DNA sequence: TATGGCCTGTGG
DNA sequence: CCACAGGCCATA
């Protein structure tokens, strides 16, 4: 489920639970996770001490004492479960065991989550843009990043190479707040509208950062303005919220106040 | 730049 | 039974 605020929270959960401990077990509990070889490759981490858990965009980076990194991505439905015994949580797909007996489980019903092992001194390759709340992302900078993209602004917001952190929910919410129609070509937005959009992005993420109840998959979507609200009244103008599909993803918007 | 594919679960 | 699900990547 995670968008940036949830991943930020998850990284903190992992850090608080196991940072400083030594990894004793790394085990895949589902064939799809084992298949690409990453769990095998990462076995060299067993016996190493975990220094820190960092977030980069929606990735979590487990940094070990020799500089090696285990990268974890939750995709749609991943989350952490922490236990002090060996009881396997429902939908656990990966087990990280530590020397004090604590275990961190990747719980991921859809099994879309992935891990990667990055050897010491190796650079990561995935390109990501600045976080949506990065102070260096000014309206002018955001407009420049959108300038060469003819895709709809909604789809541009989901492209982590442009801006990191917005997913399908917060992209819709940000556009609603900014009163921008989701199908607007990204490159056509005026600076004034990009300014509103940036404000909307930070509003959407800020709402979530202050809402720890939204961390777990399946939890409260009801206080959102438009996401999953087709047919319900727009909180701003009361016109019915509409739904369409862009790039195989549902988009929700208000047909009256988003132009 | 657009389209499947990945996986399982839930709800209509 | 089918549609849909909060994300990304490989492929054309």
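Quick note: the coordinates plus some simple rules give every number you see, no bench work behind them. Small disclaimer: the values here were computed from a predicted structure and weren't measured. With ideal geometry, Cβ positions are generated from the backbone for all residues, glycine too; neighbour counts draw on all protein chains shown.
In a Gaussian network model over chain A where Cα atoms closer than 10 Å are linked, find which of A:200, A:67, A:113 has the largest mean-square fluctuation.
Top of the fluctuation ranking is A:67.
Out of A:155, A:248, A:43, any idea which swings most in a Gaussian network model of chain A, alpha carbons joined below 10 Å?
Residue with maximal mean-square fluctuation among A:155, A:248, A:43: A:248.
On a C-alpha basis, how far is the centre of the stretch A:1-45 from the centre of the stretch A:87-147 in Å? Whole number, if you could?
Here the answer is 9 Å between Cα centres.
When each pair of different Cα atoms in chain A is counted once in the 1/r mean, what is the Kirkwood radius in angstroms, to one decimal?
19.5 Å
Please arrange A:112, A:50 by how many other C-beta atoms lie within 10 Å of their C-beta, fewest to most.
Numbers: A:112 14, A:50 22.
So the ranking, lowest neighbour count to highest, is A:112, A:50.
For helix A:4-18, report the angle its Cα long axis makes with the longest principal axis of the Cα atoms of chain A; keep it between 0 and 90° and round to the nearest 10°.
Its long axis makes an angle of about 20 degrees.
When chain A is modelled as a GNM with alpha-carbon springs shorter than 10 Å, which of A:58, A:229, A:154 fluctuates the most?
Top of the fluctuation ranking is A:229.
Quick check on the stretch A:99-212: what does the Kirkwood estimate of hydrodynamic radius come out to from the alpha carbon pairs, in Å? Let's see the in-between values first.
Working: mean 1/r = 0.0632 Å⁻¹.
Computed over the stretch A:99-212, the radius equals 15.8 Å.
Using only alpha carbon positions, build the gyration tensor of the stretch A:18-112, then give the equivalent ellipsoid semi-axes as the square roots of 5 times its eigenvalues, largest first, whole angstrom.
Equivalent ellipsoid of the stretch A:18-112: 19, 16, 13 Å, largest first.
What Rg and what Dmax come out for the stretch A:48-159 when only alpha-carbon atoms are used, in angstroms?
Computed over the Cα atoms of the stretch A:48-159, radius of gyration and Dmax are 17.6, 52 Å.
Against the longest alpha carbon principal axis of chain A, how many degrees, from 0 to 90 and to the nearest 10, is the axis of helix A:168-178 turned?
30 degrees
Can you sort A:22, A:138 from fewest to most other Cβ atoms within 10 Å of each residue's own Cβ?
Numbers: A:22 17, A:138 13.
Placing the least packed residue first, the sequence is A:138, A:22.
Give me A:257, A:237 sorted ascending by neighbouring Cβ count inside 10 Å, so fewest comes first.
A:237, A:257
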